[in-house]
1. I'd like the Karplus ³J(HN,Hα) series for the range 81-86: coefficients 6.51, -1.76, 1.60, θ = phi - 60°, whole numbers in Hz, and an x wherever there's a Gly or Pro.
2. Whose amide H sits under 5 Å from the amide H of LEU156, counting only residues 5 or more places off or on another chain, with H placed in the peptide plane?
3. Given the options PRO136, PRO53, PRO103, which has the most mean-square fluctuation in a GNM of the chain, springs set between C-alpha atoms less than 10 angstrom apart?
4. Over 15 Å, how big is the tail of the calculated P(r) for the range 127-180, in percent of all Cα pairs?
5. Go through (i) -0.50, -0.90, -0.98, -1.15; (ii) -0.34, -0.94, -1.10, -1.43; (iii) -0.45, -0.99, -1.08, -1.27 and flag the label whose value is the computed log10 I(q)/I(0) by the Debye sum over Cα atoms at q = 0.08, 0.13, 0.14, 0.16 Å⁻¹ for this structure.
6. If I take all pairs of Cα atoms in the range 2-92, what percentage of them are more than 16 Å from each other?
7. If the cut-off is a Cα-Cα distance under 28 Å, which lysines reach LYS47, setting aside same-chain residues fewer than 8 apart in sequence?
8. If amide H atoms are built 1.01 Å from N in the plane of the peptide, which residues on other chains or at least 5 residues away come under 5 Å of the amide H of TYR305?
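Each reported figure results from applying straightforward, stated rules to the coordinates on display, with no laboratory input. Every value quoted in this text rests on a predicted model; they were computed, and no experiment measured them. Cβ placement follows ideal geometry from the backbone for every residue including glycine, while neighbour counts extend to all protein chains displayed.
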Amino acid sequence: MLKDCQANGRFIGTVLVTEWRESPFRQKTGSFIVLTCQDASLSLSAKIWEVEPQHIEWLNTHAVFWVTASCSEYRGNLELSIESLQPLSPEEIQWEVLLPSSPFTEEQLEERLLRLLGEIKDPELQELLGRILSHPEWGKAYRSAPAAVKVHQAYLRGLWEHSLKVAELALTLTGNYPEADRELVLAGALLHDLGKIQEYAYDKGIQYTTDGRLLGHIIMGVEMLSREMAQISTFSPERRLKLLHILTSHHGRYEWQSPRRPKCIEAVIVHYADALEAELWQFKQAREHHPEEEWSPYVKSMERYLYLR
């Protein structure tokens, strides 16, 4: 793994190239290639000093390579000098080796998901969740997509982890408000970020898709959910409207790109569970990354420093 690299050492292994460019030498003819390589443990700068035509061709068509390189220190940072690289076929790629992933295993997350689904007795909601979570494409994506590009759970299985935590928090809140439709809250919490399975691509690091940039996960999630509910002829019109409203309003504020503010109790619960989970995750990360510090660095997404004692 890249985290094991040491100055004057060697690295042989698989890397994901997230960025690269060809750069001319200053004092002689020719050029070299500057790259950013990463695996699940670390991201490092790298250079290819002896450029061959096939290197350019491979970098234009592939992202994952088996490389042999030497490690050195440059301006206080480790850097790779790549001596050889070979593109890997899709069948050879193990994404969990290349991208960070949730600290929870697939088995742990699936157990929690099944426990939550067991709380839903309404046949229409059961069918809806089954259609989405067992969908050959969407079900797999729900269980592998990140929850964000940067802010929280920006790793594989992040969406799954975040959605479960939001659902668990929402159920706790609903226990204090019996007037809320408990099963609708649970379904809304599990599906509130559904559109993120199409908002992000994660085959070259975590990036926005074109659809994600132009539409965003709220609009895409509403479209996806609307199509699935339309396939269930008995689905309650009132529940349909409320469920769509939960997705539409879960960001809570217009300045947070929410098309609507929460206007029913179920939507309010999901919004605050979502916001609470994201902020508590960031607080936990700050403590883990700065265990000896009293205060965290400035957290831009939360617009504050965090007291860690």
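1. Coupling constants for the range 81-86: 10, 7, 9, 8, 8, 9 Hz.
2. For LEU156, the qualifying residues are SER101, SER102.
3. The residue with the greatest mean-square fluctuation here is PRO53.
4. Values: 835 of 1431 pairs.
That tail contains 58 percent of the Cα-Cα pairs.
5. Checking each listed value against the structure points to (iii).
6. Numbers: 2104 of 4095 pairs.
More than 16 Å apart: 51 percent of the Cα pairs in the range 2-92.
7. Within the straight-line limit of under 28 Å, LYS47 reaches these lysines: LYS3, LYS28, LYS150, LYS204.
8. VAL299
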